[in-house]
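Just below is one structure, and these are the notes that go with it.
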Amino acid sequence: STQAAGVFRRIALLISSRQSILMTWLVVFSATVMCLIDINFKFDVRNAYKGADLYNFFGEFYSYTSIAQLLLQLFIVRTILTKGGVFAAITILPGILLLMAVCALIIDRELGEKAVYAGKAITQVFFFTIEYVGLQMLFLAVKKEFRGQMNSAIDGLTRPSTIAVISLLITYTLVFWQENIVLRLNSVIIILCCGWLFVAWLNYREYLTSLSGML
């Protein structure tokens, strides 16, 4: 009963203010796009590689992306956060994914099919460095007594719930995605990234308003 009450309190916290609602939607959009890219990436890799080649591919892929994460964290993240601030941190990933999806629709089909690999590499590198830091910076504008609870509710409840729902949805509609993956996947990503950027802008405005109110 105590655990159930805790879950209900966190759900109530998600809709308790404009700030919490906007931050919740930011997490929903980001988790949806990344889950969509991740599942299609893994299904495509499974079809393209077999046996030892599959293990070698994943080993090399995650090794290279981890090195890129480290270099980004050491040499680039601080510069981006210093010069661009919160707005740059929460918009750079959807902006890059939007540009990638548009390019995938314009270029030839063979290269367009590999866009899911590029999308996975981009999310793997940028989410755990810049995007996640930007989300945590948004919590600085939350009142201190609610900050921990809201972080737990938004990042600890909303993200896994969104990933679970989207994973089931994509798994049961995989035939839809695989029939014309270039057009359908990238069209959906473009729409979602536009919504993601719009919600990020609203969050930035609310962030400035909340910080001004706390002064």
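The values are calculated or read from the model by the stated rules, or taken from the named source; none is laboratory data. Predicted, not measured: the structure shown is a model, and the values here were computed from it. Cβ: placed from backbone, ideal geometry, glycine included. Neighbour counts: every protein chain shown. Areas reflect the complete protein model, heavy atoms only, side chains present, ligands, DNA and RNA absent. Shrake-Rupley method; radii C 1.70, N 1.55, O 1.52, S 1.80 Å.
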Single residue of region 184-215 satisfying the filter (within 14 Å of PHE29 (Cβ to Cβ) and among the small types (Gly, Ala, Ser)) that is surrounded by the fewest Cβ atoms within 10 Å (Cβ to Cβ): GLY195
Which numbered condition ARG78 misses (of (1) touching a Leu at 6+ places or on another chain (Cβ under 9 Å); (2) open to solvent by 20 Å² or more (accessible area, probe 1.4 Å)): (1)
Residue selected from region 169-183 under the condition open to solvent by less than 70 Å² (accessible area, probe 1.4 Å) and free of Cβ contacts under 8 Å to residues at least 40 places away in the same chain, by the criterion nearest to VAL33 (Cα to Cα): THR173
Every residue from region 147-186 that is among the hydroxyl-bearing types (Ser, Thr, Tyr) and within 27 Å of TYR117 (Cβ to Cβ): THR162, SER167, THR171, TYR172, THR173
Residue that is most open to solvent (accessible area, probe 1.4 Å), among those in region 118-133 that are in contact (Cβ under 8 Å) with a residue 40 or more places away in the chain and hydrophobic (A, V, I, L, M, F, W, C): PHE128
Exclusive hit being among the hydrophobic types (A, V, I, L, M, F, W, C), in contact with a Leu (Cβ under 9 Å, 6 or more places away or on another chain), part of a helix (DSSP H, G or I) and within 24 Å of TRP196 (Cα to Cα), set VAL102, VAL45, VAL133, VAL28: VAL133
